Amino acid sequence: QVHRLRHVWRQDTIPASRGPRAAEPRAKLSRTALRWALVGLVCQHLTVARLAEALAVSWDTANSAVLAEGQRVLLDDPARFDGVKVIGVDEHVWRHSRRGDKFVTVVIDLTPVRDRNSPSRLLAMVEGRSKQAFMTWLTERAKAWRDGLQVVAMDGFTGFKTATTEELPDAVAVMDPASPTPEQPTVHAGVDLDLPAFAQLWPAVLESVAGESRLLAASLAEAKPSALEDRELRLAWGQSAAFSKQMAENAANKELIAQAIRAVTGSSLRLALELRSDADHAAHHGSGAAPPPAELSEDELIARLVDAFDATELPPDPPSRTEP
């Protein structure tokens with residue numbers, strides 16, 4: 001006796017006007033099952049194989065359904081970009097192979113971290129690691145949203161920095177994701193600073209520089225902001241601290257100082273460095289004679305010389321061998 005089997009597709013015939021359907025047409029999983037699977041994958045870290053087993057479907061069916069539901073519920077929700085003021089961008093290796101690593105660009109919302117009201121949250125994962133990958137993602141966002149961004153935190157990858165400068169000219173680029181916190185005085189880009197206001201922020205600038213170079217921060221600690229006009233900041237050292245000024249004049253160090261100023265104040269300032277007599281320096285920046293420079297150890301002195309003159313320390317010559 002032969003039994004003929006056939007598949008019968010069933011679907012909810014309730015009109016859409018009466019509410020959401022229990023499942024999409026020709027779907028193998030109901031909306032309730034999809035929501036359970038999505039929560040299990042995102043919140044409980046269940047594998048797709050475990051989800052497929054629980055739902056009695058194949059791995060491909062479960063994977064495709066969960067991806068589609070995640071796209072619909074999470075990625076396609078326009079409200080998830082509301083209130084974003086601080087973002088972080090970094091690269092991530094998602095696959096290692098002999099033919100080369102596979103990178104993605106990760107964009108996260110750091111606004112709740114800055115405001116200290118909730119953890120950060122994922123905004124996007126873009127295939128590739130390049131200026132173009134990040135720039136393309138930015139251009140896909142609404143201009144009003146881009147104009148509302150205040151801070152972009154990133155690592156030292158120049159591609160992210162260039163994309164931020166071109167697409168978000170009013171945003172402040174910082175190298176440390178922990179920089180935009182309430183304890184650190186931050187002035188948004190576009191605000192004109194005067195000298196008294198900058199002097200209050202100067203300790204925070206020194207702290208930011210110290211995170212990259214303690215020697216450079218020590219050299220800057222001997223300087224004082226002496227003038228700020230037309231977005232040009234003038235830093236003055238006493239004559240006895242000429243070596244510290246010379247270290248700050250190094251091109252790499254000068255750029256590091258400018259980055260720290262942008263991170264703390266939100267303003268891009270030109271730097272002008274000058275020497276004054278110790279008496280004049282003390283008269284303008286406190287009473288009494290200027291304190292003598294701190295005595296450096298031999299290792300600290302060598303490190304300053306290497307940094308200031310872009311030099312290379314050579315290893316000592318091996319001891320000569322004498323013939324017996």
Set A263, A227: member being closer than 22 Å to A171 by Cβ and either open to solvent by less than 70 Å² (accessible area, probe 1.4 Å) or polar (S, T, N, Q) (or both): A263
Any chance Q184 is open to solvent by 20 Å² or more (accessible area, probe 1.4 Å) and at pLDDT 85 or above: no
Residue that is modelled with pLDDT of 80 or more and not in a helix (DSSP H, G or I), where the choices are L275, L296: L275
Neighbours by Cβ (under 8 Å, 6+ apart or cross-chain): first from the range 65-94, aromatic (F, W, Y); second surrounded by 11 or more Cβ atoms within 10 Å (Cβ to Cβ): F81/L123; F81/R141; F81/W145; W94/K102; W94/F103; W94/V104
Search result, residues across the range 127-178 that are of a type in the set (S, T, Y) and out of contact with any Asp or Glu (no Cβ under 7 Å at 6 or more places or on another chain): S130, T136, T158, T162, T164, T165
Residue in the range 62-81 that is most open to solvent (accessible area, probe 1.4 Å), counting only those that are farther than 21 Å from T47 by Cβ and of a type in the set (D, E, K, R): R72
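The values are calculated or read from the model by the stated rules, or taken from the named source; none is laboratory data. Treat the numbers as computed from the prediction; the structure is a model and nothing was measured. Methodologically, a virtual Cβ is constructed for each residue, glycine included, from the backbone with ideal geometry; neighbour enumeration extends over all protein chains shown. SASA here: full protein model, heavy atoms, side chains in, ligands and nucleic acids out. Shrake-Rupley method; radii C 1.70, N 1.55, O 1.52, S 1.80 Å.
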